Amino acid sequence: MFRTLRSRLLFSYLVVIFVMLLGVAVALGVFATLSTVRFLPVLQNLAVISQSNRRDLLQMNVTDLRNGALERLLNETAEDNHVRIFVTSAAANEIIYDSNSDNNWVGDTVDDIIRFEQLQFPLDSRSIVGRFHHTNGSAWLLYSQPTNLFDRINIFYARREPTPSAFFQQFFLRPLIGAGSIAAVIAFLLALWIARSVARPLQQMADATEAFAKGEFEQELPLHGPEEVRRVATSFNRMATQVQAGQQAQRDFVANVSHDLKTPITSVRGWSQALLDGMVATPEEKERAASVIYNEAERMDRMVTQLLDLARLESGEFQLTHQTVDLEQLVTGVHSSLLPRAQEKNIDLRLEAQPVPSVKGDPDRLIQVFANLVDNGLTHVSSGGWVKISARPFGMNEVEVTVQDNGSGIAEDELSRIFERFYQVDKSRSRGNGRSGSGLGLAIVRELIEAHNGHIQAQSQVGVGSAFIVHLPIEDK
Ligand code: ADP
């Protein structure tokens, strides 16, 4: 029934308005029942009639009760103003005249008038303002002003007591209906406005999501509407950007892999073809051809292994052993194993290992991490330079391993990208050093460190050198 946002909002507003009006109506109803204020308009009206009548009486100079003029005047007044007028003898309160001829009360007494002393009324002390219950059960409001003319009589102006519901209908019902109608119109406009401000962005979102599902990933939603809707739009935009970046990364990945595999394949194919065609004749040439083929095959093997490692690390399938590892010992081992290569390149490979708390991890993989970092340092440091590997406790819960060099350094805008897959600062130079990099090394290093619940950061300055700082959590005892 209430399927649209607008109808739901409108319905809820109307319920609130109805409940509030009902509350007000009940309060006013109770007020009308309990308070004597409901008698006030009638009594005021009676007072006005009495006063104007009094002026007429004075002008007529009525002196005798039996004078027909008085009776005529009272009859006329009663008829014109729809009031009942009766005259009582001042002494016995007995009704001696009643304007109502159908149900005449002449002869009855007007006793037990419940006076409204507290009503703010233009009274003199002899005025009578009150309620009167006739013996026939009817309730009346009475007003009588002292007549200086006739000391012996009282002229009462009377009307039936208004019931609480009559008073309510006369004074409160219309304002309540009016207020309710205005509130309903405002509620309708508000519901329309709020529904539009939510529905329009939602519609845009639905369109964008449908387009997205069809593979059109370049979607950006405008940020307007209420806060909650804007938050959803922001999340959607972020998701769209990430998916686009993911798509781009996938395209780049395929392009990079094909490119990096194509070069060695071309080389292998060329040399093997030359061997088959008998173009390579001498034993030296054959040896050279075999060595190129071997090296290129190794390069492909290394790259495929790295790719597989990365894929497994990213999917969480990579199995790490969880052993107690002494990092001081581990970096000392890495230092020793790479010392011959450093010496070969005339690079001072330094070691600064302090005793550190043990960490939990896979020692082979941690060796791979630090060997890779030292190897990168050796690649980018010129002859006569230095590379340093150090280990020390860091804070209460971590061990810090730093691999630092005084090599070429990395420019600031590239530093943030070196951990990306395939990212190489200078492809030709990496290759030119006799070692064919793939741009996967640091990506694997970061994945491995994160798989050990650690993190890695790089600091570098062009021409000064680089430092790769690894933090690993110490083993829980
Ligand atoms: P690669 O296998 O090509 O060395 P890496 O992922 O290990 O790829 O490194 C990414 C890039 O970061 C490399 O292209 C290299 O230029 C740069 N790099 C890595 N380590 C250093 C270093 N110690 N000094 C200067 N540049 C470095």
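The numbers here are math on the coordinates, done by the rules we state, and not lab data. Not measured: the values here are computed from a predicted model. Glycine also receives a Cβ, built like all others from the backbone with ideal geometry; neighbour counts cover every protein chain displayed.
Some notes on this structure:
- 0 to 90° range, to nearest 10: angle between helix 363-380 axis and the chain longest Cα axis: 70 degrees
- Cα shape, the stretch 240-326, gyration tensor, a/c 1.5 rule: oblate
- Along each principal axis, Cα extent of the chain, largest first, Å: 163, 55, 39
- Hydrodynamic radius (Kirkwood) for the stretch 151-207, which is based on Cα pairs only, to one decimal in Å: 16.3 Å
- Taking a ≥ b ≥ c as the square roots of the eigenvalues of the alpha carbon gyration tensor, the stretch 2-60 is prolate, as a/c is not under 1.5 and a/b beats b/c.
- Over 23 Å [Cα-Cα, the stretch 160-285], rounded percent: 68 percent
- The angle separating the long axis of helix 441-451 from the principal Cα axis of greatest extent in the chain is about 50 degrees.
- Amide N proximity, the stretch 219-262 versus Ser315 label position 7 Å along Cα-to-Cβ, cut-off under 17 Å: 250, 254
- Anisotropy class of the stretch 290-413 from Cα gyration tensor, a/c 1.5 cut: oblate
- Principal-axis tilt of helix 5-34 within the chain, Cα atoms, nearest 10 degrees: 30 degrees
- Cα-projected label distance for Leu339 with Ala213, points at 7 Å along beta-carbon direction, nm: 6.6 nm
- Relative contact order, percent, the stretch 239-332 [alpha-carbon distance under 8 Å, six or more residues apart]: 23 percent
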